[in-house]
Amino acid sequence: MKHRAVGAVLFGGGVLLLALAAGLVFVVKPAMTKLPYDLEPATSVAEAKGATFLQITNGAVAINQSDLRSTIQVTPERAKTAALSGDLAGDAVVWRVGQTVERTDTKELVSAYGAELALDRVSAAAVEWNEQYLDESGTPEKISFAGQVYKFPFNSAQGNYEVFDRDLRQTRMAEFQGTEDINGIEAYRYEQVITDEKLPLATDRVALLLGALAAGSTSGDVVYSNTRTVWVDPVTGSYLKVREQQKKVLVPNTGAPVTLLDADFSYNEETVASSVERAEESRGRLNILGVFAPLGLAVLGLVLILVGLLVSRSRTPRTEPRHAAAADPAPTRVDQPPVRDDEREGGPLTDEIPPASTNWKSEESTVPSQRSAQGESEKQ
């Protein structure tokens, strides 16, 4: 009974460990491969050397050249995320994003924008949300974000993804181009190519540019090109490195085109290093809780189940009673010569005591008394 109880405990412990392993694989890991509610703010910095750019200062329009520094900060809006309702509740998060571009020599601000958008927690793609906006001029503009904006999905595929472009207000395909090593992590490289597309700018803004840079023209367009390359950690979907080769040209109806922007922005070394470090930390947590811990629990659980079955089936050896072991050994019988039949009549030479009915002494005492009784009878 004791062995069966121990075996049952071991077997039950093994089953419990298997259940825990399954829970880590099918419950905990899927929960970890979603955009978290408590994401810490993140900052990325890209630099462009010797850029040509449009700069408007106090209404004065000029084309300048300098090194530029672009800073993007992503901040989770926890209160707005908690207030999401309908299909978005529990399945989306709200992010506030801000970007500034400044000259590295004078620290003057060249451009800036702010935005708020909702992202699907699984795909990391933008979703429809009534309060999303983009603000580039101090006045929030209603806009429909779509596709991948600041992140790719967990377990990114070696395929193509729609990536949102802020200047076009639309998505364009980013094609998978292969894998590369970024500071020790194998990254997926995606490339989005935009060539000579007209920007949807307000009429008054185009008129301002024409008046300052293309005298005599009455209309024109701003044509935009960009080769955007992103190196993505396929496990977490986070950007490890980003490069944007941007070009914007004012094309008036008369006169020569004017270059408004010609810059090659790329993450600086500090941003790449911090991005890789965050990705490695996230990968480590996913591997521990999604691979190593379930595997260890499963192996230990199977061992306990097997040991429990073996213990339950084992039998307790029987022990002899203590008094039987202490008993005196049986006396050894000494062989004796066979006894003849005549000696078994109860004679004086036998070593056996004859039964009372065959005792010869009894017969001898009895016969004379019987003869004496007969003689007395005849005399009479």
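The values are calculated or read from the model by the stated rules, or taken from the named source; none is laboratory data. Nothing here was measured: the structure is a model prediction, and the numbers come from that model. Every residue, glycine among them, receives a Cβ derived from its backbone with ideal geometry; neighbour counts consider all protein chains shown. Side chains included, ligands, DNA and RNA excluded: accessible areas come from the protein's heavy atoms. Shrake-Rupley method; radii C 1.70, N 1.55, O 1.52, S 1.80 Å.
Does Val230 meet the test of being under 21 Å from Arg69 (Cβ atoms) and either touching a helix residue (DSSP H, G or I) at 6+ places or on another chain (Cβ under 9 Å) or open to solvent by less than 20 Å² (accessible area, probe 1.4 Å) (or both)? Show your work before the answer.
Working: under 21 Å from Arg69 (Cβ atoms): yes; either touching a helix residue (DSSP H, G or I) at 6+ places or on another chain (Cβ under 9 Å) or open to solvent by less than 20 Å² (accessible area, probe 1.4 Å) (or both): yes.
Here the answer is yes, as Val230 does meet what is asked.
How many residues are open to solvent by 40 Å² or more (accessible area, probe 1.4 Å) and closer than 30 Å to Pro36 by Cβ when one looks only at segment 51-70? Please lay out each step first, then the result.
As a first pass, look at segment 51-70 and keep what is open to solvent by 40 Å² or more (accessible area, probe 1.4 Å): 56-60, 63-65, 67, 69.
Subsequent filtering for residues that are closer than 30 Å to Pro36 by Cβ retains 69.
Going through segment 51-70 one residue at a time, the tally reaches 1.
Looking at the structure I just gave you, is Arg189 assigned to a strand (DSSP E or B) and either out of contact with any helix residue (DSSP H, G or I) (no Cβ under 7 Å at 6 or more places or on another chain) or open to solvent by 60 Å² or more (accessible area, probe 1.4 Å) (or both)?
Answer is yes for this residue.
Would you confirm whether or not segment 99-108 contains a residue that is under 20 Å from Glu77 (Cα atoms) and either among the charged types (D, E, K, R) or at pLDDT 95 or above (or both)? Talk me through it step by step, then tell me what you get.
Step one: list which residues in segment 99-108 are under 20 Å from Glu77 (Cα atoms), which gives 99-100.
This time we only want the ones that are either among the charged types (D, E, K, R) or at pLDDT 95 or above (or both), so: 99-100.
Within segment 99-108, one or more residues are under 20 Å from Glu77 (Cα atoms) and either among the charged types (D, E, K, R) or at pLDDT 95 or above (or both).
Considering every residue within segment 203-222, establish whether at least one is touching a residue at least 60 places away in the same chain (Cβ under 8 Å), part of a strand (DSSP E or B) and buried (at least 17 other Cβ atoms within 10 Å of the Cβ).
Taking segment 203-222 as the starting set, the residues that turn out to be touching a residue at least 60 places away in the same chain (Cβ under 8 Å) are 208-209, 212-213.
Filter again for part of a strand (DSSP E or B), leaving none.
No, segment 203-222 contains no residue that is touching a residue at least 60 places away in the same chain (Cβ under 8 Å), part of a strand (DSSP E or B) and buried (at least 17 other Cβ atoms within 10 Å of the Cβ).
Starting from segment 34-54, take each residue that is within 27 Å of Leu260 (Cα to Cα) and in contact (Cβ under 8 Å) with a residue 40 or more places away in the chain and list its partners that are aromatic (Phe, Trp, Tyr) and surrounded by 17 or more Cβ atoms within 10 Å (Cβ to Cβ), counting only C-beta distances under 6 angstrom and pairs at least six apart or across chains.
Final answer for the pair search is Ala46/Phe265; Ala46/Tyr267; Ala48/Phe265.
Among the residues of segment 247-259, is there at least one that is at pLDDT 70 or above and loosely packed, with under 12 Cβ neighbours inside 10 Å? Can you show your working first?
So the first thing to find is which residues in segment 247-259 are at pLDDT 70 or above, and the list is 247-259.
Filter again for loosely packed, with under 12 Cβ neighbours inside 10 Å, leaving 256.
Yes: segment 247-259 contains one or more residues that are at pLDDT 70 or above and loosely packed, with under 12 Cβ neighbours inside 10 Å.
Of the numbered conditions (1) more than 15 Å from Val45 (Cα to Cα); (2) at pLDDT 95 or above, Ala263 satisfies every one except a single condition; which is it?
It is condition (1) that Ala263 fails.
Taking interchain pairs and intrachain pairs at least six residues apart, which have beta carbon atoms under 6 angstrom, with the first residue in segment 161-179 and of a type in the set (Gly, Ala, Ser) and the second assigned to a strand (DSSP E or B)?
Ala174/Tyr161; Ala174/Val163; Ala174/Tyr190; Ala174/Gln192; Gly178/Arg189
Just one of Ala126, Ala118, Ala112 is closer than 27 Å to Lys198 by Cβ and either crowded, with 18+ Cβ neighbours inside 10 Å or hydroxyl-bearing (Ser, Thr, Tyr) (or both); which is it? Before you say what the answer is, go through the steps one by one.
Working: Ala118 fails: closer than 27 Å to Lys198 by Cβ; Ala112 fails: either crowded, with 18+ Cβ neighbours inside 10 Å or hydroxyl-bearing (Ser, Thr, Tyr) (or both).
Within the list Ala126, Ala118, Ala112, the selection yields Ala126.
Given the residues Thr236, Thr229, Thr271, Thr259, which is the only one that is among the hydroxyl-bearing types (Ser, Thr, Tyr), on the phi < 0 side of the Ramachandran plot and either without any contact (Cβ under 8 Å) to a residue 24 or more places away in the chain or part of a loop (DSSP other than H, G, I, E, B) (or both)?
Details: Thr229 fails: either without any contact (Cβ under 8 Å) to a residue 24 or more places away in the chain or part of a loop (DSSP other than H, G, I, E, B) (or both); Thr271 fails: either without any contact (Cβ under 8 Å) to a residue 24 or more places away in the chain or part of a loop (DSSP other than H, G, I, E, B) (or both); Thr259 fails: either without any contact (Cβ under 8 Å) to a residue 24 or more places away in the chain or part of a loop (DSSP other than H, G, I, E, B) (or both).
Just a single option satisfies the conditions, and that option is Thr236.
Residues in segment 133-150: is at least one out of contact with any strand residue (DSSP E or B) (no Cβ under 7 Å at 6 or more places or on another chain), aromatic (Phe, Trp, Tyr) and at pLDDT below 95? Before you say what the answer is, go through the steps one by one.
Within segment 133-150, the subset out of contact with any strand residue (DSSP E or B) (no Cβ under 7 Å at 6 or more places or on another chain) is 137-139, 144.
From what is left, the residues that are aromatic (Phe, Trp, Tyr) are none.
The answer is no, given that none of the residues of segment 133-150 is out of contact with any strand residue (DSSP E or B) (no Cβ under 7 Å at 6 or more places or on another chain), aromatic (Phe, Trp, Tyr) and at pLDDT below 95.
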